[in-house]
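What follows draws every value from the coordinates through simple rules; no lab data is involved. Keep in mind the model is a prediction, meaning the values are calculated, not measured. Cβ coordinates were reconstructed from backbone atoms using ideal geometry, including for glycine residues, and neighbour counts include every protein chain displayed.
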Amino acid sequence: MPFAAFSGASMAVLLVVIVACLLAFWLCICFAMLKWNEIRYSRRKGLPPGKMGWPVLGQTTEFLKHGPSFMKKQRAKYGSVFKTHILGCPTVISIDPELNRYILMNEGKGLVPGYPQSMLDILGKCNIAAVHGAAHRRIRGSLLSLVGPLVIKDELLPKIDKFTRSFLQNWHGKTIDIQETTNEMALRVSFDQIVEHEPTALYEVFKPEFDKLLVGTISLPINIPGTNYHHGFQGRKRIVKMLKQIMAQRRASAIPYDDMLGRLLRSKDSKYILSDEEIIDQIITILYSGYETVSTTSMMAVKYLHDHPKALEELREEHFAIREKKKPGEAIDWNDYKSMSFTRAVIFETSRLATVVNGVLRRTTDDMVLNGFTIPKGWRIYVYTREINYDPFLYPEPFAFNPWRWLDKNMESHCYCFIFGGGSRLCPGKELGILQISIFIHYFVTSYRWEEVGRNEIHQFPRVEAPKGLHVRISNYHD
Ligand code: HEM
């Protein structure tokens, strides 16, 4: 027994020593790895201050987990321009409004889009974010010829009106997940503008594949069966196949289709000639760019209006004034849309307060001096615009939902308003997106009342989403 006691005690001591040694060894390795990443980048002169974190991972975990508070902490330590290593790349983060503006306005000086290659691989190599210079001007020109104000006014608005009106029919008495519903609406309305008259059955097959593509672009780039990234590629493959089939059918038919694909296929008569591969990537771009942005803004507008009855009342007045001038069931026209100034203000305030887009990514094509720091060639710059949305000098009481602040028209064009980006990459779908949301709001608030059901949690970062949905009970407005 005494022997056993002695041996038990010494075994315990030995175990503690071994664990301590392993721990110390592990800590040494961690410390060396951390230092290694710091040393690796410290040889470069003139870099902004900041930590690079772990090799490979960098500070990605802190960034994704704590987002806005991580940014604030780093800014308090290092100032509004700092370096880090996130999402697999050495990155400079700029929270400085002046510098952000400079970066957005100066793509020509070598500040090109810096979206991850893994994302561009799924979106296609002719995707607008993958090209710059003359190629960008051509792809963007083609896109603007499809979604510019004249096309919206004469062709897209009547189609969007018709679609939205029928989409919102018969909601009375239902409890719906407004996140799921606006998500469905945003993709479907773009799909119909691109390939009108395709059977619903095709859309039913298309949507899940497109959702896979979308998730693939924002997941870890590990291309092995079972991963979201792999599914993203598969989604792209099937989408490309479907689009190729539709293109072949269209070419074989004599019908002059009056939708976006029809216009793209006739592009050889226009200023912007696109190859088949470019046409496919252009379609994916339109669907992708206007999907989450439009659906999330619509969802958040419903949320904020529900929580702010005064704003909802003023909004309803604007829309009932439009309806009073119309026959029952008459469509919204361009002048009606242009008169929706409070609706536009609601949309801008929603995008600002919810921060639907946190920022944009750029990459340096050469070593470059910005704000006195040298940014090496190939580094990514995260033009982080979220903080500007809560700047109390630009937006007094920045955390209040106050659409009235946008009624001053100059607010939309103040030089730090980056809700739709800026410079040569300013969102070409801005008016189309605002119009789609306005038409949705029009039919929603003039047809229905709604109340939230249960507790609906909303996450704000890295993307705005209601993880369990945003459930609302709908009833007819006039009952
Ligand atoms: C509320 C809705 C929307 C918001 C908040 C929004 C926001 C933005 C932002 C911030 C950018 C700048 C990206 C950058 O600089 O890298 C951008 C670019 C872009 N947006 Fe939108 N967007 C919206 C709707 C749409 C719609 C409906 C379309 C459909 C055509 C669209 C198509 C694009 C495209 C193609 C670009 C890239 C432009 C380029 O690289 O030249 N967006 N958008």
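Overview of results
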item	result
Entries of Lys153/Lys430; Lys125/Lys241; Lys65/Lys237; Lys174/Lys338; Lys51/Lys377 with Cα pairs more than 21 Å apart	Lys65/Lys237; Lys174/Lys338
Mean Cβ neighbour count within 10 Å, used as a protection proxy, ranking 176-188, 306-318 highest first	176-188, 306-318
Proxy reagent accessibility, fewest Cβ within 10 Å first, across Lys237, Lys303	Lys237, Lys303
Given charges at Cβ of Lys, Arg, Asp, Glu: the stretch 393-466 dipole, positive-most of Cys427, Asn410, Gln460	Cys427
Neighbour-count ranking [beta-carbon atoms within 10 angstrom, fewest first] of Lys268, Lys207	Lys268, Lys207
Taking Glu451, Glu278 and counting other C-beta atoms within 10 Å, the order from fewest to most	Glu451, Glu278
Kirkwood-Stokes translational diffusion coefficient of the stretch 46-97, alpha-carbon pairs, 20 °C, 1.002 mPa s, µm²/s	198
Residue-averaged 222 nm ellipticity for the chain, from DSSP H runs of 4+ at -39500 (n - 2.57), nearest 500	-17000 deg cm²/dmol
Rounded to whole Hz, the Karplus (6.51, -1.76, 1.60) HN-Hα couplings of the stretch 175-185, x for glycine and proline	9, 10, 8, 5, 5, 4, 5, 5, 5, 4, 4
Cut-off under 5 Å, modelled amide H: who pairs with Arg363 long-range	Val112, Gly114, Ile381
Two-site FRET efficiency, Asp391 against Ser10, from Cβ-Cβ distance with R₀ of 60 Å, rounded to 0.05	0.40
Over the stretch 111-222, volume per residue of the alpha carbon convex hull, in Å³	151
Share of alpha-carbon pairs per 10 Å distance bin for the chain, given as whole %	4, 17, 26, 25, 15, 6, 3, 2, 1, 0, 0
Kirkwood Rh, angstrom, the stretch 169-326 [1 / mean 1/r, Cα pairs]	18.3
Mean shadow area of the stretch 107-153 over all directions, Cα convex hull, nm²	3.9
At q = 0.13, 0.16, 0.24, 0.26 Å⁻¹, base-10 log of I(q)/I(0) for the stretch 328-373 (Debye sum, equal scatterers on each alpha carbon)	-0.61, -0.71, -0.92, -0.97
Counting all C-alpha pairs of the stretch 307-400, share separated by more than 21 Å (%)	58
Net charge dipole size for the chain [Lys, Arg +1 and Asp, Glu -1 on Cβ; Debye, nearest 20]	1540
Principal axis dimensions, the stretch 186-237 - Cα atoms, whole angstrom, descending	37, 17, 12
